[in-house]
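The values are calculated or read from the model by the stated rules, or taken from the named source; none is laboratory data. This one's a predicted model, so the numbers in the text were calculated from it and none came from an experiment. Don't worry about glycine lacking a Cβ; one is built from the backbone with ideal geometry, like all the others, and counts go over all protein chains shown. When the accessible area is computed, the model is the full protein with side chains, heavy atoms only, and any ligands, DNA or RNA have been set aside. Shrake-Rupley method; radii C 1.70, N 1.55, O 1.52, S 1.80 Å.
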Amino acid sequence: MGVGTRRAPGARDVRGTPAARHGDLAELGAEPGIDPDDLPDGLVVADEHGRVICFNAAAARITAVPAAEALGRRLERALPLEDLEGRRWWQLTDPYGGLAIRVGQPERNLLLPGGREVLVSARYVRTRPTGPVRRVIVSLRDTEARRRTERSHAELIATVAHELRSPLTSVKGFTATLLAKWERFTDDQKKLMLETVDADADRVTRLIAELLDISRIDSGRLEVRRQPVDIGAAVGRHIQAYVAAGQPADRFLLRIEHPLPELWADPDKVDQVLSNLLENAVRHGEGTVTIDVTPSATPRDRAHDDGTANAATSVTVSDEGTGIPEESMNRVFTRFWRGSKRGGTGLGLYIVKGIVEAHGGTITVGRAPGGGAEFRFTLPVGTPAYLL
């Protein structure tokens with residue numbers, strides 16, 4: 001919305017319209033069809049005398065002050081802001097009597113009466129450089145969303161720091177002991193200590209990789225390097241690794257429905273998804289772990305029924321344990337969700353969802369026919385354009 005001391009070219013007179021309750025918006029140079037109440041942020045405008053002539057719906061919601069009560073009042077009374085040290089903001093900034101070269105105030109955290117924190121920025125409108133201020137335009141933003149993000153980041157740092165402390169303490173303890181008393185240990189004892197150090201180093205590496213993945217997912221920078229992937233063979237490799245580690249072979253049931261479409265995906269990231277889902281089923285589930293690999297249609301194909309069949313591959317991993325409580329289903333893919341059994345960082349499924357969505361796919365959770373948890377992810381074939 002343009003703001004000035006004269007009506008903008010093409011602007012219409014908004015007197016008598018719903019927007020007129022914000023004061024003389026025609027004098028603000030309101031663009032046709034724009035109502036301040038349509039703006040997502042709070043907007044407060046004061047005239048050359050410091051009286052409020054616009055107080056939109058978002059400003060009323062953020063400040064809990066009705067627009068009718070704010071209009072016509074002095075700006076410092078309609079919007080009594082203080083900085084975090086308790087000083088009155090309008091007295092500090094003095095928009096009308098301060099430096100004539102000042103054009104506004106950058107965004108900063110300020111306090112409303114009652115201690116509620118808001119993000120405030122201001123713009124001083126002058127008819128000519130260094131001339132008197134004709135309008136003060138104030139933007140208000142609620143800090144709740146930013147606070148949630150900051151809390152989430154703080155929880156992530158605290159969780160990862162806690163998870164790193166244990167393996168690093170172990171590594172430091174064993175290496176210090178070996179260096180100080182190398183000759184006192186037998187070869188078997190040394191081997192056991194070094195194997196423990198190696199396992200803890202792998203754990204640290206995995207935690208750092210998770211942290212980097214989350215950073216890329218949150219910033220939208222998770223790269224997908226597509227190449228042909230044999231999803232059935234990839235599942236088979238994971239099953240073989242569990243059997244080699246001591247799991248009974250008959251605990252796993254792999255069913256592949258042929259023919260499968262040629263899948264182009266990032267093989268490392270697909271392995272990461274399979275590893276997380278199978279580990280959850282083995283560690284937290286019971287009975288047989290069933291993996292179904294089937295051709296499927298993408299959500300777009302199903303919605304539009306454009307005749308494209310088998311444009312995606314679906315993988316379903318289910319077990320026969322107690323499953324996930326119904327009330328927890330909507331939190332499974334959030335950060336730090338660990339279910340009823342503690343252990344791990346609670347970041348694995350959050351990363352899985354980010355990887356699947358980076359491929360343009362979807363992932364869901366539900367109850368398996370055997371009563372346990374059932375995770376199903378679908379990846380579009382993702383064939384490169386030059387091969388089409």
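Would it be correct to say that LEU84 is of a type in the set (A, V, I, L, M, F, W, C), out of contact with any helix residue (DSSP H, G or I) (no Cβ under 6 Å at 6 or more places or on another chain) and crowded, with 18+ Cβ neighbours inside 10 Å? Here the answer is no, as LEU84 does not meet what is asked. Any chance you could count how many residues in the stretch 199-233 are in contact with a strand residue (DSSP E or B) (Cβ under 9 Å, 6 or more places away or on another chain) and among the aliphatic types (A, V, I, L, M)? Of the residues in that region, 3 qualify. Is it true that THR322 is modelled with pLDDT of 75 or more and either under 21 Å from ILE256 (Cβ atoms) or of a type in the set (Ser, Thr, Tyr) (or both)? So THR322 passes the test. For the structure I just gave you, tell me whether VAL103 is open to solvent by less than 30 Å² (accessible area, probe 1.4 Å) and not acidic (Asp, Glu). No; evaluated as a whole, the condition is false for this residue. Which residues, counting only those in the stretch 133-183, are in contact (Cβ under 8 Å) with a residue 40 or more places away in the chain, within 24 Å of VAL120 (Cβ to Cβ) and open to solvent by 80 Å² or more (accessible area, probe 1.4 Å)? Correct list: ARG141 only.
Taking the numbered list (1) closer than 25 Å to ASP37 by Cα; (2) open to solvent by less than 60 Å² (accessible area, probe 1.4 Å); (3) in contact with a Lys or Arg (Cβ under 8 Å, 6 or more places away or on another chain) in turn, LEU112 passes all entries but (3).
If you check ASP250, ASP202 for being open to solvent by 90 Å² or more (accessible area, probe 1.4 Å) and within 30 Å of GLY321 (Cβ to Cβ), only one passes: ASP250. Against the definition (assigned to a helix (DSSP H, G or I), of a type in the set (A, V, I, L, M), out of contact with any Gly (no Cβ under 8 Å at 6 or more places or on another chain) and buried (at least 16 other Cβ atoms within 10 Å of the Cβ)), how does ILE214 come out, yes or no? No, not satisfied.
Residues are listed down the side, and each one gets a yes or a no for (1) open to solvent by 70 Å² or more (accessible area, probe 1.4 Å); (2) at pLDDT below 90; (3) closer than 19 Å to LEU112 by Cα; (4) hydroxyl-bearing (Ser, Thr, Tyr):
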| site | (1), (2), (3), (4) |
| --- | --- |
| GLY16 | yes, yes, no, no |
| ALA19 | no, yes, no, no |
| LEU43 | no, no, yes, no |
| ASP47 | no, no, no, no |
| ASN56 | no, no, yes, no |
| ARG61 | yes, no, yes, no |
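Restricted to helices (runs of 4 or more DSSP H) entirely inside the stretch 28-105, those with at least 2 residues that are more than 25 Å from THR127 (Cβ to Cβ) and within 34 Å of the chain's Cα centre (by Cα) are 57-63. Look at GLU82 and say whether it is among the acidic types (Asp, Glu) and modelled with pLDDT of 90 or more. Here the answer is yes, as GLU82 does meet what is asked. In the condition set (1) at pLDDT below 75; (2) assigned to a strand (DSSP E or B); (3) charged (D, E, K, R), GLU155 is compliant with all but (2).
In the stretch 217-229, which residues are touching a Leu at 6+ places or on another chain (Cβ under 8 Å) and either surrounded by fewer than 16 Cβ atoms within 10 Å (Cβ to Cβ) or free of Cβ contacts under 8 Å to residues at least 40 places away in the same chain (or both)? PRO228 - this is the single residue of the stretch 217-229 that is touching a Leu at 6+ places or on another chain (Cβ under 8 Å) and either surrounded by fewer than 16 Cβ atoms within 10 Å (Cβ to Cβ) or free of Cβ contacts under 8 Å to residues at least 40 places away in the same chain (or both).
The set of residues from the stretch 284-319 being in a loop (DSSP other than H, G, I, E, B) and either at pLDDT 90 or above or under 13 Å from ALA373 (Cβ atoms) (or both) comprises GLY285, GLU286, GLY287, THR288, ASP319.
Does PRO267 fit the bill of being modelled with pLDDT of 90 or more and loosely packed, with under 14 Cβ neighbours inside 10 Å? Against the criterion (modelled with pLDDT of 90 or more and loosely packed, with under 14 Cβ neighbours inside 10 Å), PRO267 does not qualify.
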